[in-house]
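Trainee: Below is a structure I'd like to ask you about.
The values are calculated or read from the model by the stated rules, or taken from the named source; none is laboratory data. None of the values given here were measured: they were computed from a predicted structure. All Cβ positions, glycine included, derive from the backbone under ideal geometry; neighbour counts span all protein chains shown. All accessible areas refer to the heavy atoms of the entire protein, side chains included, with ligands and DNA or RNA removed. Shrake-Rupley method; radii C 1.70, N 1.55, O 1.52, S 1.80 Å.
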Amino acid sequence: MYRVSAGEIEVLLVHPGGPFWANKDIGVWTVPKGEYEDDEDPLTAARREFREETGFDASGDFLELGSIRQKGGKTVAAWAFEGDCDPSQLKSNTCEIEWPPRSGKRLEIPEVDRGRWFSLNAARTYIREKQIPLLEALRGNVASKSG
């Protein structure tokens, strides 16, 4: 999700939930994302994952941002849409992890613990490095859409 405020593009990023990420900030925020099956339409999956991770609906005209491969090998196909929301109202689904690692103990955590609006320049600092090209694609798409 992106919005234009005072002529500047802002993007909604989310922070991963759980104890591993609790004290990490710079370079760990991400676009809302998730897994999809080979036979599933990627945009349909992206809309579902956005809803699951934020509690907000993804609707409107979608701008295709391309795809990136994250450090762990996961491919992320991304789209953006113009919208607005109050990140304090974010409601994420939960997942179960083993915590502490190799302890055998299970802990239910939110996939995302918070969201925040960032200017594109600030987002470059906070987003995972491999996702920076998605920000650049957004900048280019919004510029061509408005001009």
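Trainee: Which of rounded, prolate, oblate describes segment 92-147, given a ≥ b ≥ c as roots of the alpha-carbon gyration tensor eigenvalues and a/c under 1.5 marking rounded, otherwise prolate only if a/b is larger than b/c?
Mentor: Verdict is prolate for segment 92-147.
Trainee: Would you mind getting the accessible area per residue of the chain, heavy atoms of the protein chains only, 1.4 Å probe, in Å²?
Mentor: 57
Trainee: Counting only other residues whose beta carbon sits under 11 Å from that of Asn93, what net charge do I get with K and R as +1, D and E as -1?
Mentor: Summing Lys and Arg as +1 and Asp and Glu as -1 gives -2.
Trainee: Would you mind calculating the gained length between Arg106 and Thr125 on full extension (0.36 nm times residue separation, minus the Cα-Cα distance), in nm to one decimal?
Mentor: 3.6 nm
Trainee: Given a 10 angstrom Cα cut-off, can you work out which residue in Thr125, Thr30, Thr44 is the most mobile in a GNM of the chain?
Mentor: It is Thr44.
Trainee: Just reorder Ile26, Ile109 by solvent-accessible area, largest first, 1.4 Å probe, all chains present.
Mentor: Ile26, Ile109
Trainee: Then there's this: With all protein chains present, how much of the accessible area of the chain (probe radius 1.4 Å) comes from carbon and sulfur, to the nearest whole percent?
Mentor: C and S fraction of accessible area: 46 percent.
Trainee: Ok, one more. Please check: in the Gaussian network model of the chain (C-alpha springs, under 10 Å), which one of Arg128, Arg69, Arg51 has the largest mean-square fluctuation.
Mentor: Among Arg128, Arg69, Arg51, the largest mean-square fluctuation in the Gaussian network model of the chain belongs to Arg69.
Trainee: Average projected area of the Cα convex hull of the chain, in nm²?
Mentor: 9.3
Trainee: How large is the charge dipole for segment 75-133, taken about the Cα centre, if only the Cβ atoms of Lys, Arg (+1) and Asp, Glu (-1) carry charge, to the nearest 20 debye?
Mentor: Taking the Cα centre of segment 75-133 as origin, the dipole is about 280 debye.
Trainee: Moving on. If the only charges are +1 at each Lys and Arg Cβ and -1 at each Asp and Glu Cβ, what is the size of the charge dipole of the chain around the Cα centre, to the nearest 20 debye?
Mentor: That gives a dipole near 660 debye.
Trainee: While we're on this one: Ordering Lys105, Lys74 from largest to smallest accessible area (1.4 angstrom probe), what's the sequence?
Mentor: Greatest to least solvent exposure: Lys105, Lys74.
Trainee: Please identify, among Asn93, Asn23, Asn121, the residue showing maximal mean-square fluctuation in a Gaussian network model of the chain using a 10 angstrom Cα cutoff.
Mentor: Asn23
Trainee: Can you find, among Trp29, Gln89, Thr44, the residue farthest towards the positive end of the dipole of segment 19-147? Put +1 on the C-beta of Lys and Arg, -1 on that of Asp and Glu.
Mentor: Final value for the positive-end residue is Trp29.
Trainee: Let me ask another. To the nearest 10 Å², what's Trp21's accessible area with a 1.4 Å probe?
Mentor: Rounded to the nearest 10, that gives 60 Å².
Trainee: Right, next: For the chain, what number of Lys pairs, 8 or more residues apart or on separate chains, have alpha-carbon atoms under 30 Å from each other?
Mentor: 22
Trainee: Another question about this same structure. I'd like the GluC sites (Glu not before Pro) in segment 17-119 restricted to DSSP loop residues with at most 15 other Cβ atoms within 10 Å, sorted by number.
Mentor: Passing both the DSSP loop test and the Cβ count: Glu35, Glu37, Glu40.
Trainee: Ignoring everything except DSSP H segments at least 4 long, calculate the 222 nm mean residue ellipticity for the chain; use -39,500 (n - 2.57) per segment, divide by total residues, nearest 500.
Mentor: Helix contribution divided over all residues of the chain: -7500 deg cm²/dmol.
Trainee: Taking Cα centroids, how far is segment 1-69 from segment 95-121 in Å?
Mentor: Spelled out, the Cα-based centre of one part sits 15 Å from the other.
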